[in-house]
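**Q** Structure provided below as structure tokens; questions to follow.
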Amino acid sequence: MSGIVLACGQFVSQPGDIPRNTAVMSRLVSQAARAGARLIVFPELCLSGYVSPSDAKRLAVSVDGPEVSTLQALARDTGVAICFGFPERSSDGLFNSMAFLDRDGGKPAVYRKIHLWVTERDWAKEGARLVSFPLDGQRAGMWICYDSRFPEVARALAVHGVTVALVGSAWFGPEAEWELAMRARALDNGIFVAGAAAQGAFGKAPFHGKSIIVEPHGSILATAGDGPECITTAECNEEAVSSFRARLPLLQDARPASCGVEDLP
């Protein structure tokens, strides 16, 4: 089975300027298309920028609103699926979400961040479930930034059949920990992980890390350059997942029910 070329797009989102951020995303999607990519992943909250609670409430958009429709049209026009972070407004409340837009303009797949960082708890509700969806013969899923520090998120997706994880971040921790988290989640589960990292800062707190694509053995396939606006690409294929799992059947051999802890005197 042939692979799929994935891209990560990173840039400095302008807080509160959705039209400007959409224009930058459009530029990077076009670059990804020229590079042969079939999907591009963007950072956490890139549509609005990483903003204060009051601004997040003001800038939150609906999945069926014009802001998302514009990106759906871009996906259809370029032939590149788009995964991006945004503040979501719904009948259930406000969420820190990621949407996957396929190349056919179908209904978006939406993931709502489960593990909220402290700066997000004043405006966003916790998500309640993970999601997976088809991606060119493979199965993909999403998580957002702080979720990366909880191994059970990636494991749950892998057990459900996901072989490609799409991650958006605005990482406040050390850059080395961002890279380690992406590599560990890939190695833990024998999956590909494509992580798009926000650039710039939230107030005086800088974001750390570069966009990165990791293969099932935890090795880095591609890392973004030093520029604040760029893409990075790599090919992901199911054969690499199958080969890894034939050698290390982690999901098959895992025994979570036997991992209780006995308190000894």
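**Q** Got at least one residue in segment 214-229 being of a type outside the set (A, V, I, L, M, F, W, C), on the phi > 0 side of the Ramachandran plot and crowded, with 22+ Cβ neighbours inside 10 Å?
**A** no
For every residue, the table says whether it meets (1) under 30 Å from L45 (Cα atoms); (2) at pLDDT 95 or above; (3) among the hydrophobic types (A, V, I, L, M, F, W, C).
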{"residue": "A197", "(1), (2), (3)": "yes, yes, yes"}
{"residue": "G200", "(1), (2), (3)": "yes, yes, no"}
{"residue": "H208", "(1), (2), (3)": "yes, yes, no"}
{"residue": "P216", "(1), (2), (3)": "yes, yes, no"}
{"residue": "T233", "(1), (2), (3)": "yes, yes, no"}
{"residue": "N237", "(1), (2), (3)": "yes, no, no"}
{"residue": "D253", "(1), (2), (3)": "no, no, no"}
{"residue": "S258", "(1), (2), (3)": "no, no, no"}
{"residue": "P265", "(1), (2), (3)": "no, no, no"}
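**Q** Can you report the number of residues in segment 141-163 which are without any contact (Cβ under 8 Å) to a residue 60 or more places away in the chain, assigned to a strand (DSSP E or B) and over 24 Å from D253 (Cβ atoms)?
**A** 1
**Q** Please state which one of F86, F100 is touching a residue at least 40 places away in the same chain (Cβ under 8 Å), surrounded by 22 or more Cβ atoms within 10 Å (Cβ to Cβ) and either out of contact with any Phe, Trp or Tyr (no Cβ under 9 Å at 6 or more places or on another chain) or farther than 30 Å from A186 by Cα (or both).
**A** Sole residue among the options that is touching a residue at least 40 places away in the same chain (Cβ under 8 Å), surrounded by 22 or more Cβ atoms within 10 Å (Cβ to Cβ) and either out of contact with any Phe, Trp or Tyr (no Cβ under 9 Å at 6 or more places or on another chain) or farther than 30 Å from A186 by Cα (or both): F86.
**Q** May I ask you to say which residue of L166, L180 is under 15 Å from the mean Cα position of the chain (by Cα) and either outside any loop (DSSP other than H, G, I, E, B) or modelled with pLDDT of 95 or more (or both)?
**A** Step by step, each of L166, L180 is checked, and only L166 is under 15 Å from the mean Cα position of the chain (by Cα) and either outside any loop (DSSP other than H, G, I, E, B) or modelled with pLDDT of 95 or more (or both).
**Q** Which residues, taken from segment 183-197, are assigned to a helix (DSSP H, G or I) and either surrounded by 24 or more Cβ atoms within 10 Å (Cβ to Cβ) or of a type in the set (F, W, Y) (or both)?
**A** Matches in segment 183-197: R185, A186, N189.
The values are calculated or read from the model by the stated rules, or taken from the named source; none is laboratory data. All figures in this text were calculated on a predicted structure; none of them were measured in a lab. Glycine also receives a Cβ, built like all others from the backbone with ideal geometry; neighbour counts cover every protein chain displayed.
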